[in-house]
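Have a look at the structure that comes next, please.
Just so it is clear, none of the values below were taken in a lab; they were calculated from the coordinates. If you're wondering where the values come from, they're calculated on a predicted model, not measured in any experiment.
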Amino acid sequence: VGFIGLLQSFSDLMKLMFKCKYYYFQSRSYVALIGVFLLICLVIFYCLVYGSYYSFSYSEFSFVWYLVITSITSYALLCSGWGSYSNYSFLSSMRSAFSSVSFEACFMCVVIFCSLCYGGYCLGSYYYSGIVSLFIFPCLYILFLMCILCETNRAPFDYAESESELVSGFNTEYSGIFFACLFACEYIIVFVFSWLGSIIMVGGGVFGFIFLSFHLLFFMWARATLPRIRYDFFVNFFWSVSLPLLIISLFLIVN
């Protein structure tokens, strides 16, 4: 590993990249591989939306496309978990799929609120609108932070992994490049949602960069300090508290 272990990380990376597992003797293993490739494709689409914002080639309905991409993520996790031939992975994928349903109901309200606030679904026009949705309904920002913790499987809503309960969740049976792709996709989604929050709350710009940095630090703080919430409390909160508050925000912006 080189002088005083300086190449240890590099050797671990090479070992991870060149490890292989034979998926061809079990029929459902193909479904697991499809789940990984589907998640990679979804992350690529996220990056296209992110890149189009800064290249001034964005669509008029870029925010709606973001919602469409997000709604397919649960299918990738379902395929990854069910195709792994592991009860831990299967339970994790079922949890994650239902969590995504809870998130999408709230996220759809956020999309509608921002479209009413800024007058459209084009993310590129939010900076020039002169409106800051954060000041109109500040409670929406707190609910949005909780929603993105749920969608990105971060503590205290990390039910897709739950190391103390499900070993490692939906990626338990993966190794090599597929394991690396799953983790890389997770962290890219964390960054993209942090960026999205900075755009829809303050419109981007200098304040958007500050909020982006705060969101990334918020993810690390939540992972380090917050305990995992019981699953029934999580479901009750999203459907009994968060969703009604977001619906109230729609009536507020209309009035």
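Given a cut-off of under 8 Å on Cα pairs at least six residues apart, what relative contact order in percent is computed for the chain?
24 percent
Ok, one more. Rounded, prolate or oblate: which fits segment 164-255 when a ≥ b ≥ c are the square roots of the eigenvalues of the alpha-carbon gyration tensor, with rounded for a/c under 1.5 and prolate only if a/b beats b/c?
oblate
What is segment 79-188 by shape, rounded, prolate or oblate, if you read a ≥ b ≥ c off the alpha carbon gyration tensor as root eigenvalues and call it rounded for a/c under 1.5, prolate for a/b larger than b/c, and oblate otherwise?
Note, shape of segment 79-188 comes out prolate.
What fraction, in whole percent, of alpha-carbon pairs in segment 26-254 exceed 22 Å separation?
So the portion of pairs separated by more than 22 Å is 51 percent.
Okay, moving on. I'd like the per residue volume of the convex hull spanned by the Cα atoms of segment 1-158, given in cubic angstrom.
Enclosed volume per residue, from the Cα hull, is 184 Å³.
Please list the helices of the chain that count as membrane-span-like by this rule: a mean Kyte-Doolittle hydropathy of at least 1.0 together with Cα atoms stretching 27 Å or more along the helix axis, each helix being a complete DSSP H run.
29-54, 62-82, 87-118, 176-202, 205-225
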